Amino acid sequence: ASGTISHIALPTVTVNSSMVCAGASATVTATPGSGAASDYNYAWTVPVGASVQSNTTSTFTTTTAGTYSVIVTSKVGSCASVSASGVVTANALPTVTVNSPSICAGASATVTATPGSGAASDYNYVWSVPAGAAAPGNVSFFSTTTVGLYNVVITNKVTSCSSSITSGNVTANALPTVIVNSSIVCAGASATVTATPGSGVAGDYSYAWSVPGGASAPGNVSTFSTTIAGIYSVIITKTSTGCVSTSASGTISHIALPTVTVNSS
């Protein structure tokens, strides 16, 4: 009488590896070397924090990074494979900051997105801009004269992970205004020339005067005296903002002294 010993080949299995952005779900799949997934039972070993899987689960999703290992056992013959592993890698989400420039009305501001790591060229940029501003396109910085909020999302070119929305605010400071008085004095008398800013106090500003020939340069003052007739012009700069006014002028005019004669008899 005879009996036959037969061998059933050990099953084989592979587990995929996934690369995802932090917080996103990865799909882990055990793929037997032959037959259908339902022909096997699955004994999973998962990293700390991941959900334990049942012995009938060949595929599942997870947000936990780490190594996922499995041994499959054929339902017919109960032969077990060697352990196979796959790795779920979570790439950190990029971070970005946007500057908030303050400009003088009518000037250009440079808006810049600065990634938290790597070079600016490592990322793609999607901007949203205030009404009236031109869309800058896929750039890390650009110039604008429009005030308001500028929002950006950056995406890492290698990992395709995107940052959260980050904003910067462009503000504009009003240009200062100034008036200069005009005076009519008698020839040889002193006139007082005064620059009066449209807002604030005289000490908030610096003063650049231009004076007629023969007059002494007064320096950085808001008021001074002169005996020279002519046009006195000034440009003022607000110290706190650096914004500059347009030129304003006043005129000093002389009235000739009267003359008189008295007869002798």
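If I filter the stretch 53-75 down to residues being of a type outside the set (Gly, Ala, Ser) and in contact (Cβ under 8 Å) with a residue 60 or more places away in the chain, which single residue comes out as surrounded by the most Cβ atoms within 10 Å (Cβ to Cβ)?
Among those that are of a type outside the set (Gly, Ala, Ser) and in contact (Cβ under 8 Å) with a residue 60 or more places away in the chain, it is 72.
Of the residues that sit in the stretch 9-22 and are open to solvent by less than 100 Å² (accessible area, probe 1.4 Å) and assigned to a loop (DSSP other than H, G, I, E, B), which one is nearest to residue 57 (Cα to Cα)? Don't jump to the end; show me each part of the working.
Restricting attention to the stretch 9-22, the residues satisfying the condition of being open to solvent by less than 100 Å² (accessible area, probe 1.4 Å) are 9, 11-18, 20-22.
Restricting the remaining residues to those that are assigned to a loop (DSSP other than H, G, I, E, B) gives 9, 11-12, 16-17, 22.
Numbers: 9: 22, 11: 16, 12: 16, 16: 15, 17: 17, 22: 24 Å.
It comes out as 16.
Give 151, 124, 138 a once-over and let me know the one that is assigned to a loop (DSSP other than H, G, I, E, B), over 30 Å from residue 37 (Cα atoms), open to solvent by 30 Å² or more (accessible area, probe 1.4 Å) and modelled with pLDDT of 95 or more.
On inspection, the qualifying residue turns out to be 138.
When you look at residue 225, is it open to solvent by 70 Å² or more (accessible area, probe 1.4 Å), touching a Ser or Thr at 6+ places or on another chain (Cβ under 7 Å) and not in a loop (DSSP other than H, G, I, E, B), yes or no?
Yes; evaluated as a whole, the condition is true for this residue.
Are there any pairs, at least 6 apart or on different chains, whose C-beta atoms fall under 7 Å, with the first in the stretch 252-265 and at pLDDT 95 or above and the second open to solvent by 100 Å² or more (accessible area, probe 1.4 Å), and if so, which?
Cβ pairs passing all conditions: 253/184; 255/184.
Confirm whether residue 1 is touching a residue at least 60 places away in the same chain (Cβ under 8 Å) and not in a strand (DSSP E or B).
In short, no.
Restricting the first residue to the stretch 180-203 and requiring it to be under 16 Å from residue 231 (Cα atoms) and at pLDDT 95 or above, which pairs with a second residue that is open to solvent by 40 Å² or more (accessible area, probe 1.4 Å) and in a loop (DSSP other than H, G, I, E, B) meet a Cβ separation below 7 Å and a spacing of at least six or different chains?
190/227; 193/181; 194/181
Within the stretch 80-114, track down each residue that is open to solvent by 40 Å² or more (accessible area, probe 1.4 Å), under 18 Å from residue 23 (Cα atoms) and in a strand (DSSP E or B).
Across the stretch 80-114, the qualifying residues are 87, 89, 90.
The values are calculated or read from the model by the stated rules, or taken from the named source; none is laboratory data. Predicted, not measured: the structure shown is a model, and the values here were computed from it. Heads up, the Cβs are rebuilt from the backbone with ideal geometry, glycines too, and the neighbour counts pull from every protein chain shown. Protein only, heavy atoms only, side chains kept; ligands, DNA and RNA dropped before computing areas. Shrake-Rupley method; radii C 1.70, N 1.55, O 1.52, S 1.80 Å.
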